[in-house]
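Structure, as structure tokens:
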Amino acid sequence: SSRGIPRERAHVTLVMAEPERRIDPEDGQARTFAELQALTKNAYTPQQVREYWDTKMRPAPADPFLSQLRQGDPSSLNASRTLTPYGASDDPPTRPASEAQLGRVDLSQNPFMTQNANVSVKQDPFLTAGIQPQVLGAGGQLLDQVQAQGEEVEEFKEELPTRHWTESFYSLLGHGDLDRKPRAQTILTLIPLAMFLWELVIFSTLQHISTNACWLMTLTLASVSCAGLAMWYIGVRWGPVSLLALGSICLVAILTGTYLGELEWIYVWQGYMWMNTGRQSVESSASTAAGARSDAATLSFASFSDSSVDVSRSAGYKDTDHYCVAPIMSSATAGADIPRVNYWAVGINCCEKYGSFTCDASRTSAAAYGVVQLHGGYPCPSCNNEKFELAIKKAEAQYGIVSAPGALLIRWVTSTKQSKVTAAAWAFGSLLCSTIFGGLFIYALGWIAWYYGIGKTGPGSYAGSEDAEAAREKRVQ
């Protein structure tokens, strides 16, 4: 140096540090915090983005494919490069490619790095002559290095966490409301579910006591739900729970429970309740007037041994299914000039056009009991009335018999107790199915409303907007 200051070669070691990347569970992509901010700029606040970064996103694996290995040092995953700033020496910053040195290889003498300058590219275009010595020479060191690197990659793959099915499910649904609270989930699911179950039970099992009382309780619950909607509309908020979502789901739960409960009552529970609350095992014969047994649920013909099902005078009306009827006759009624029928045994798909009646226990000599079919329908009250009436008219015309006014349709059985057990199994099984499927539907509605934060803001605003954030900050303060 002209000033007497010795010129020293300055060496600076620079390690290129990249910004941290984390895996986004939404799509499985690795992103930096800046990229996440840019992606969610208009959808979420900085606080929500920071919370999502800290709690939901996992750190991305660092260099899983060992791409940063320095040549000759396979154990290093963070290669650094020593740079000499230009001006610290008289050497130019770069050198010609012909003078470049890569270890022991001189490109000016061995441009294809074959490790053997005498190799001819024309004779060995794929340069295979230099590969075998590298793999097998020096005690197989190169092969050992390759195997070691492969083992490191396999170990890394084993350490990678497998993706649980819930992560895929939430990735499909999206981020949802980042400000959702567990307490809000409990309220939005359990309260509508309780209303649904209440409506289902009262309309299924209590209508035989008072139908008007069932509807009065339903209107009361509906009024409370509508009041919640009105409170939300005028700006009233209830902590983390959306009154809009709660009121709407409660109304849906009330309607669903009422509808399913009404179906349960019509098709299952009405007949089951009648079987247990009507007069039981009323002594009767084939000649007993049907009008005198109009309030009976079960009949007993055991005291009159000559009363039985006359299968020879049965008839079936075909309308997709066969609707079968056969008169209950005794020696007195069968010998009359015009036999009068007070009771008809009925069934479905257990007879032919005429005769061949095999419904229930009609062919069993020990059978002497009848289960009265409410409102003349089978298998449920008022079911298939017209078809059974047509079958009765067919039997009247064919055999010259007459059905008495108010004749009762019964099922001919050996034991009324067994019939009640079977009816109870159908009733409670049907109610259980309605509870499960209807309950899952209502629960799903509440969970979706909670996950997406439906109705957490007032009319004209949305989750994540400035108005919503201001309201949230005000509640916190």
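The values are calculated or read from the model by the stated rules, or taken from the named source; none is laboratory data. On a predicted model such as this, the values are computed, not experimentally measured, just so you know. Glycine also receives a Cβ, built like all others from the backbone with ideal geometry; neighbour counts cover every protein chain displayed. Areas reflect the complete protein model, heavy atoms only, side chains present, ligands, DNA and RNA absent. Shrake-Rupley method; radii C 1.70, N 1.55, O 1.52, S 1.80 Å.
Brief remarks follow.
- Calculated P(r) tail over 19 Å for segment 376-438, as whole % of Cα pairs: 52 percent
- Net length gained if the chain between His208 and Ser415 were fully extended (0.36 nm per residue, minus Cα distance): 72.0 nm
- Of the residues Trp269, Trp450, Trp426, Trp238, the one with the largest accessible area comes first in the ranking Trp426, Trp238, Trp450, Trp269, computed with a 1.4 Å probe on protein heavy atoms.
- Carbon/sulfur fraction of accessible area - segment 256-328, other protein chains in place, 1.4 Å, %: 52 percent
- Note on Ile338 and Ala302: the model spin-label points, each 7 Å out from Cα along the C-beta direction, lie 3.6 nm apart.
- Stretch gain in nm, segment Leu263-Arg58, where the contour uses 0.36 nm per residue and the Cα spacing is subtracted: 68.7 nm
- Calculated accessible area for segment 276-431 comes out at 46 Å² per residue, all protein chains present (probe 1.4 Å; ligands, DNA, RNA ignored).
- Model label points for Glu352 and Met217, set 7 angstrom from Cα along the Cα-to-Cβ axis, are 5.3 nm apart.
- Residues Leu172 and Asn385, FRET efficiency given R0 of 51 Å [Cβ-Cβ distance, rounded to 0.05]: 0.55
- 24 Å Cα-Cα threshold exceeded, pairs from Lys318/Lys420; Lys353/Lys420; Lys353/Lys393: Lys318/Lys420; Lys353/Lys420
- Count Lys and Arg as plus one, Asp and Glu as minus one, and take only other residues whose Cβ is under 13 Å from that of Thr205; the net charge is then -3.
- With 0.36 nm allotted per residue and the present C-alpha distance subtracted, the Lys393-Ala424 stretch has 7.9 nm of extension available.
- The reciprocal of the average 1/r between distinct C-alpha atoms defines the Kirkwood hydrodynamic radius, which for segment 304-363 equals 11.7 Å.
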